[in-house]
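Since the structure comes first, as structure tokens, the remarks are kept for the end.
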Amino acid sequence: MARGTNEGVEGLRDRLQYRLWQLVTAVVRRLPPWAGYAIAGIIGTVGYYLWPRGRRAMLRNYRRVLRGAPAREVRRTARRSLVNYCRYLADFVRFPSLSRQQLVAAVNGDESFAALDRALEHGKGAIIVCMHFGNWDLGAGAAAARGYPVTVVAETFPDPRLDEMVAGARERLGMSIVKMEKAGPSLLRALKHNGLLALLIDRSVPGDGVRVEFFGEQVEVPAGPARIALRSGATVIPAAFARRDPKGMAVRTLTDFGITYEPSGDETRDVRELTQAIMRSHERFIREHPEQWYMFREMWPARAKAAASP
């Protein structure tokens, strides 16, 4: 009986999530951009105060990121993070209506794309490793609009209608979508054609990842980007797309083309060291724009558990 009740609650939640996304899409698409950002700001601010579990997780995360900062700054950064995430969602709703020229113009990164062209000259593709930061979808869409073949690994939403809406928006931007549960040989094929493979690395996977240091403490993150790079020989490029104006869509591209690796034959060691290099790059990006990192769950769960113990 309990299992059936839980499934019923989860099904109701999924349907509500879909209906809410439908409503948000219908409203935001009819508003001028400034009004959409204003509403996003209100929702993010109110949500920060009405979501105690997420707020506690954000505050614990930002105490680590902003170590030594006053409590007021930690709270302000956490609140702005949720507001910026809501602005990202407002942008996501409008993506299907953007032209190729608008996508390219919104991403300030000519130097980074020139460096990407040089990296692709070796013909083995590139793995773009991102976090939930700024507007990562806009960066991928701009790359596709510039003519790069972009493959994105995405999670599947429980409600197939919501899943179709989200995946469809990314496909209309020119991305090829591979579902997380079906990822495998298709990722290597994308790189064999000298394409771009975009992966997220800040979703913790306890027991199925690799432990590295992040902001001075051990955390377990996906090992996939490093494993795929070691098997394919693809260039690894940590990247982030920081919003330049809270009232606009434009972003600034942050990239690190300095990561090199030579397999030692010890895969465990190689995966750990390459992942560590990736996380160091993202640590720099987050230090520069901490309010644009969207982490609403415990990034360091072991630390949170220890803090909660008597």
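The values are calculated or read from the model by the stated rules, or taken from the named source; none is laboratory data. Being a predicted model, the structure only gives us computed values, none of them experimental. Using ideal geometry, Cβ is built from the backbone for each residue, glycine included, and neighbour counts are taken over all protein chains shown.
Some observations on this one:
- Within the range 58-100, the set of residues being assigned to a helix (DSSP H, G or I), modelled with pLDDT under 95 and more than 20 Å from Thr45 (Cβ to Cβ) comprises Arg94, Phe95, Pro96, Ser97, Arg100.
- Residue within the range 30-39 that is outside the structural domain of Arg280 (by TED's automatic domain parsing), within 22 Å of the chain's Cα centre (by Cα) and among the β-branched types (Val, Ile, Thr) present: no
- Selected residue (only one of Ala167, Ala226 is of a type in the set (Gly, Ala, Ser) and within 23 Å of Thr255 (Cβ to Cβ)): Ala226
- Applying the condition of being under 17 Å from Trp136 (Cβ atoms) and among the basic types (Lys, Arg) to the range 147-186 and asking which residue is surrounded by the most Cβ atoms within 10 Å (Cβ to Cβ) yields Arg170.
- Hits in the range 220-254 - residues which are among the charged types (D, E, K, R), touching a residue at least 24 places away in the same chain (Cβ under 8 Å) and surrounded by fewer than 20 Cβ atoms within 10 Å (Cβ to Cβ): Arg227, Arg231, Arg244, Lys247, Arg252
- Odd one out for Arg118 among (1) more than 20 Å from the chain's Cα centre (by Cα); (2) not assigned by TED's automatic domain parsing to the domain that holds Ala239: (2)
- Any hit, the range 237-256, residues being modelled with pLDDT under 95, assigned to a helix (DSSP H, G or I) and not assigned by TED's automatic domain parsing to the domain that holds Ala40: no
- Candidates are the residues of the range 255-276 that are touching a residue at least 60 places away in the same chain (Cβ under 8 Å) and in contact with a helix residue (DSSP H, G or I) (Cβ under 7 Å, 6 or more places away or on another chain); the one that is nearest to Gln292 (Cα to Cα) is Thr255.
- Members of the range 228-259 found to be in contact with a strand residue (DSSP E or B) (Cβ under 9 Å, 6 or more places away or on another chain) and farther than 30 Å from Pro33 by Cβ, listed by number: Ile228, Ala229, Ser232, Ala234, Thr235, Val236, Asp256, Phe257, Ile259
- Any hit, the range 152-174, residues being modelled with pLDDT of 90 or more, more than 16 Å from Ile228 (Cβ to Cβ) and in contact with a Phe, Trp or Tyr (Cβ under 8 Å, 6 or more places away or on another chain): no
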